[in-house]
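The values are calculated or read from the model by the stated rules, or taken from the named source; none is laboratory data. Just so you know, these numbers come straight off a predicted model, no measurement behind them. We place every Cβ from the backbone using ideal geometry, glycine too, and count neighbours over all the protein chains shown.
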Amino acid sequence: MRDAGHDEEVSIPEVDVPDTRPKPKALNGAKVLDQVHVFLGRFVAYPSTEAHVAHTLWIAHAHLMDAWESTPRIAFLSPEPGSGKTRALEISETLVPNPVEAVNVTPAYLFRKVGSEEGRPTILYDEIDTVFGPKAKDNEEIRGLLNAGHRRGAVAGRCVVKGKTVETEEIPAYCAVALAGLGGLPDTILSRSVIIRMRRRSPNEAVEPYRRRVHAPAGQALRKKLESWAKLVVEGATAHWPEMPNGIEDRDADVWEPLLSVADAAGGDWPERALTTMPTIEAAAMTFVDRSRQDGFSALGATTLAGDPERPFQRPPTRRKRLSTSASPRPEAGATTHAFRTGTSAPREPRSSRLPVCLWQRVLIPRPRSPWAMRGPPSCR
């Protein structure tokens, strides 16, 4: 300031004004994970304590996707319906960032959703057996996305026609993915996954019935806590390299590195719980894949008995095979026929004891519709 008639400046002393604005409380990562763990256990009957811990760590890792070199898939698989697979995805939907529930979607939809400008999604893919099951058609594009998308920086290349020119486009493929389905999955996906073998809960296992309109707000509140905690630890998690136990290397190390880092960032007893969980889950996954291979089935077509989840068995024969087996009468002694591939003779029943050719054609051979399609040809009337 300048006084009238004077050129000298008058300095005003600075006064420290205390900041009375409320400061956000520092979140305790261990307590946040404990709350998520309890919330999951209210609605999902896990096959083991280790599976429960692994699911909790996977949900937390989805909030720190910028910190990882690779992201593990989590696969909820079971031999029969009603084992809690879909419920696990429903609860995950309230806790993970930008959830996208995918059932019977096209490859183009997944590619565009993963590369959306709205933010990196978390794909929750239910009924994955309809994509890779024995009766499913080829879905190599979806398999390629799930395989490549576990690595940070992976892209899906496509050609886009703009007017009269064709341009190349690279769509990001890196995102967190949870899968649920019956039977198994291709080995290329299983090797990138934390495998949770679900089963029907026993009568003495009680869980709360989940109602989205009632319980979703509580899960979404936990999601906000996870987001706030993730912002505080993302830099430390990026620079952190957890120690791997002996025998965990290569692809297995890629799967478990983010989950161990989450446990280390949370603190408390979570690092110890993560180290205890890892060998149990890996041993169960190895058993699942090895037994399928030993019995002559790939993980793609393996299924198990409802009473004994350790015994794979082949799917029952189709209706056409049952008809051909049950309708064929026993051959009579003395009758012979020629085996087509070996050139040898085999017993053959008389012509009179076999079904008419037109009836076999009607039962076993699909024919186009015609005026006599349902009644048979005139010769059989």
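Being within 23 Å of D187 (Cα to Cα) and not in a helix (DSSP H, G or I), is that true of even one residue in segment 28-46? Looking through segment 28-46, none of the residues is within 23 Å of D187 (Cα to Cα) and not in a helix (DSSP H, G or I). Go through L232, L185 for me and flag whichever is crowded, with 20+ Cβ neighbours inside 10 Å and either among the small types (G, A, S) or in the same structural domain as L110 (by TED's automatic domain parsing) (or both). Criteria check complete, one pass: L185.
Is it true that D126 is in the same structural domain as P258 (by TED's automatic domain parsing), surrounded by 15 or more Cβ atoms within 10 Å (Cβ to Cβ) and not hydrophobic (A, V, I, L, M, F, W, C)? So D126 passes the test.
When each of V214, V255, V234 is tested for being in contact with a helix residue (DSSP H, G or I) (Cβ under 6 Å, 6 or more places away or on another chain) and either free of Cβ contacts under 8 Å to residues at least 60 places away in the same chain or not charged (D, E, K, R) (or both), the lone residue that passes is V234. Those helices (runs of 4 or more DSSP H) of segment 64-181 in which at least 2 residues are under 26 Å from F39 (Cα atoms), among the polar types (S, T, N, Q) and modelled with pLDDT of 80 or more, considering only elements entirely within it, cover 85-93. All conditions but one from (1) aliphatic (A, V, I, L, M); (2) crowded, with 22+ Cβ neighbours inside 10 Å; (3) without any contact (Cβ under 8 Å) to a residue 12 or more places away in the chain apply to L260; the one that does not is (3).
When the criteria are applied in full, F288 meets the requirement of being under 24 Å from I128 (Cβ atoms), part of a helix (DSSP H, G or I), aromatic (F, W, Y) and modelled with pLDDT under 90. When segment 232-250 is filtered for residues that are within 22 Å of H150 (Cα to Cα) and in a helix (DSSP H, G or I), the ones remaining, listed by number, are V233, V234, E235, G236, A237, T238, A239.
No other residue among A221, A253 is modelled with pLDDT under 90, in a helix (DSSP H, G or I) and in the same structural domain as E90 (by TED's automatic domain parsing) apart from A253. Considering each residue of segment 209-220 in turn, none proves to be more than 30 Å from V103 (Cβ to Cβ) and within 21 Å of the chain's Cα centre (by Cα).
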